Amino acid sequence: MQRLFTGLQPSGALHIGNYFAALKPMIELSQEFPDSMLMVADYHALTSLKDAAELRANIIEVGRDFLAAGVDPQTSIIFKQSDVPDHTELAWIFQTLVSVPFLQQAHAYKDKVAKGLEANAGLFAYPMLMAADILLYDSDIVPVGADQRQHVEYAREAAAKFNHAYGETFKEPRERILDAIATVPGTDGKKMSKSYGNTIPLFGSKDEIAKAVMSIVTDSSGDKPENVYAIHKLFRHGESLENLYAEHKGSYKTLKEALIEDIDALVAPMRARHEAITDEEVKLILVKGGERARERAQTKMAAVREVIGVAI
Ligand code: AMP
Ligand code: TRP
């Protein structure tokens, strides 16, 4: 049996890039692999978000997003990272096994430094916390977008370093990145990201979706608005997509209107569920998920403490 694990940061409203790269694969594969785990990465978000009220609200919001998107809390464990202290404990142990130059190669850290910004030590150690998230549960498959490929490599490296030092303890996980959705572009053609203001929100109203789609940057060379098409192919496939673009060649407004309808057809039922889920329901599911996750994590950590020599 293969175990799936993924995490999303509660750093703002989820967008369609998050959905196609991480949430949708988790929902689809959880039929085949029950027992999968979906984590709200609140301690990762702390590396960039310092407002308690905002973090609290975002955690609930992301939990609600998971449920509304169709994650089943019976078959999958939905939990938040900070409810399982073993994550930060194991991250510390991994930090003692990897070198500073190795962590200096991490994109998130490098990009921050390249922009002349100050990186906190948490951001520097970020890949080891993510390695702990994944390895603590003997996860096999990690569905993510292309921007997380390197982080999963770091997790494999942490497992290998630990196993080399203390004997076979951790499985080496694999990322699952689908070519078609590895990097979902935003309305400006760059990677869609909460921090770039170029997103199409997953649970936006139809007006919000329309506003975002209408703002997609189009270029008048070529016979097809590439940025619109790149997003549209997530929602419509094969001949149906090709025929639409052939029929309305050059008519960008019509194509954008068709995209709005296609996005709304997928989002409308999720949005309806979203509105019906209360904060209390989300909190309860996170509490229960946290209990199940802690049970698993504690068993693994007991073995880790034993092999590293702190259990006396
Ligand atoms: P984050 O919002 O950084 O916590 O990302 C959550 C998940 O969504 C991760 O698996 C990311 O790789 C994925 N993701 C974020 N933005 C995109 C994007 N534009 N295209 C594809 N995947 C993405
Ligand atoms: N770093 C991931 C992101 O920003 C979120 C994350 C934290 C994660 N822990 C994880 C993803 C474990 C997969 C597995 O998108």
Report the number of Lys pairs in the range 194-274 whose alpha-carbons are under 12 Å apart, with separation of 8 or more residues or on distinct chains.
4
State which helices in the chain qualify, where a helix is a whole DSSP H run, it must extend 20 Å or more along its own axis by its Cα atoms, and its mean Kyte-Doolittle hydropathy must be at least 1.0.
121-135
Expressed as a whole-number percentage, the relative contact order of the chain with C-alpha contacts under 8 angstrom and at least six residues apart is 23
Let me have the 222 nm mean residue ellipticity of the chain computed from DSSP H runs of 4+ only, each contributing -39500 (n - 2.57), with the sum over all residues rounded to the nearest 500.
-17500 deg cm²/dmol
Give me the percent of the accessible area of the range 194-274 that comes from carbon and sulfur atoms, probe 1.4 Å, all protein chains in place.
50
Rule-of-thumb Rg ratio for the range 194-274 [Cα; 2.2 N^0.38 Å; N residues]
1.10
In terms of the charge dipole of the range 85-184, which places +1 on Lys and Arg and -1 on Asp and Glu at the beta carbon, the residue among Leu178, Tyr137, Ala108 farthest towards the positive end is Ala108
If we count every other residue with Cβ under 15 angstrom of Val84's Cβ, Lys/Arg +1 and Asp/Glu -1, where does the sum land?
-2
Counting only DSSP beta bridges with both residues in the chain, what percent are antiparallel, rounded to the nearest 5?
15
Most fluctuating residue given options His15, His151, His237, as computed from a GNM of the chain linking Cα atoms under 10 Å:
His237
Length-normalised contact order of the range 56-132, Cα under 8 Å, at least 6 apart, in percent, tallies to 34
For the range 8-17, Karplus-derived ³J(HN,Hα) couplings (6.51, -1.76, 1.60; θ = phi - 60°; whole Hz; x for glycine and proline) come out as 10, 7, x, 10, x, 5, 5, 10, 5, x
Can you check how the C-alpha radius of gyration of the chain compares to 2.2 N^0.38 Å, as a plain ratio?
1.06
Can you list the residues, at least 5 places off or on another chain, whose amide H is less than 5 Å from the amide H of Gly7, using H built in the peptide plane?
Met39
Considering only Ser11, Leu244, Pro25, whose Cα is most displaced toward the positive end of the charge dipole of the chain, charges sitting on Cβ of Lys, Arg (+1) and Asp, Glu (-1)?
Ser11
Note down the relative contact order for the range 194-274 as a percent, whole number, built from C-alpha pairs under 8 angstrom at least six residues apart.
36
For the chain, accessible area per residue (1.4 Å probe, heavy atoms of protein chains only), Å²
47
Pairwise centroid distance, computed over Cα atoms, of the range 228-278 with the range 26-77, Å:
25
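The values are calculated or read from the model by the stated rules, or taken from the named source; none is laboratory data. In this text, all values refer to a predicted model and were calculated from it rather than measured experimentally. With ideal geometry, Cβ positions are generated from the backbone for all residues, glycine too; neighbour counts draw on all protein chains shown. Please note that ligands, DNA and RNA were not included when accessible areas were found on the heavy atoms of the full protein model with its side chains. Shrake-Rupley method; radii C 1.70, N 1.55, O 1.52, S 1.80 Å.
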